[in-house]
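Chemist: Sharing a structure here in structure tokens format.
Please treat every number below as a calculation from the coordinates, not as lab data. If you're wondering where the values come from, they're calculated on a predicted model, not measured in any experiment. Here Cβ is always computed from backbone atoms with ideal geometry, including for glycine, and neighbour counts include all displayed protein chains.
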Amino acid sequence: MKATLKIAFWLVLAMFVSSMFGGSIWAWSIGLWLCKEIIEGIIRFLFGCIVFLLSAVALFGFLFWLLTL
């Protein structure tokens, strides 16, 4: 059910954009899907960087605390 709703959403979005700017519905749906994948990849990368930095800060803070005992 969830996958069907996603496909329906992408087709409706592609039809909307196709009606606004012209072009093929399939080309727009593939293009929108590729944009979504790129944006998700960037968000995952940034989230990974934030998690790495927070982990490093916690580790270095713990080591600093141990050294100052």
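Chemist: For log10 I(q)/I(0) by the Debye sum over Cα atoms at q = 0.19 Å⁻¹, several values are listed as (i) -0.90; (ii) -0.73; (iii) -0.81; flag the one computed from this structure.
Modeler: Checking each listed value against the structure points to (iii).
Chemist: Then there is this: So for V57, V17, fewest C-beta neighbours within 10 Å to most, what's the order?
Modeler: Sorted ascending by nearby Cβ count, the order is V57, V17.
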